[in-house]
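The values are calculated or read from the model by the stated rules, or taken from the named source; none is laboratory data. Just so we're clear, the structure is a prediction, and the values are computed from it rather than from any experiment. We place every Cβ from the backbone using ideal geometry, glycine too, and count neighbours over all the protein chains shown. Note: accessible area is taken over every heavy atom of the protein model, side chains too, but ligands, DNA and RNA are not part of it. Shrake-Rupley method; radii C 1.70, N 1.55, O 1.52, S 1.80 Å.
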Amino acid sequence: MAANVTMLSWGVKQSFRSYVEATGGVIEAGGGAERTDDGGFTFAPAPGGDLRLDADGKLEGRGTFTGELKFEAHGGMLSVFLADPIVEVGPSGAVLTVADSKSRTHRVEIARLDLAAMTTEDGEVVLPTALLMHGIQVLGDHYPLMTALDPVRLKLA
């Protein structure tokens with residue numbers, strides 16, 4: 001039986017969040033994103049998405065979500081903005097894209113989602129993620145290509 005995705009949860013990278021907070025920095029979530037008890041974030045679904053598990057349990061479609069995250073430390077020398085994540089599943093795999101500025105005029109592929117390692121647990125799809133080239137730049141050139149990020153969790157209806 002097919003199931004639609006109703007929410008996205010993603011922590012970006014736990015060590016990155018810890019670093020920002022340990023240096024006296026600030027992490028803010030808003031516009032449809034909320035901080036979770038474990039320090040990650042949830043993003044509300046946006047209209048127009050059709051991301052779902054098909055009858056065979058495979059993820060397909062495109063899921064759009066709303067919300068924005070701001071990470072700032074070192075008096076603004078470290079400043080990261082991520083907004084309105086989209087999960088896109090296509091013939092060549094799955095990616096997570098984000099708007100990387102407040103104007104939301106430019107989207108970047110921040111992470112590859114590992115469909116082969118996807119699991120389902122407690123009404124959620126869990127996808128391991130790995131940092132892509134544009135993601136390196138968004139996160140301030142601190143992590144190498146394909147660094148593991150926090151998994152993407154998709155809540156099912």
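General observations
- Members of segment 101-127 found to be within 11 Å of the chain's Cα centre (by Cα) and within 18 Å of Phe43 (Cβ to Cβ), listed by number: Glu109, Ile110, Ala111, Leu113, Leu127
- Total residues in segment 1-50 satisfying the condition of being crowded, with 18+ Cβ neighbours inside 10 Å and basic (Lys, Arg): the figure is 2.
- Checking each residue in segment 111-157 for being open to solvent by 20 Å² or more (accessible area, probe 1.4 Å) and among the small types (Gly, Ala, Ser) picks out Ala116, Ala117, Gly123, Gly140, Ala148, Ala157.
- Strands (runs of 3 or more DSSP E) lying entirely in segment 1-72 (those with 1 or more residues that are among the hydroxyl-bearing types (Ser, Thr, Tyr)): 3-10, 41-45, 62-66
- Whichever residue in segment 94-110 is on the phi < 0 side of the Ramachandran plot and among the basic types (Lys, Arg) and, among such residues, is surrounded by the fewest Cβ atoms within 10 Å (Cβ to Cβ): Lys102
- Some residue of segment 76-83 being touching a residue at least 12 places away in the same chain (Cβ under 8 Å) and open to solvent by 40 Å² or more (accessible area, probe 1.4 Å): no
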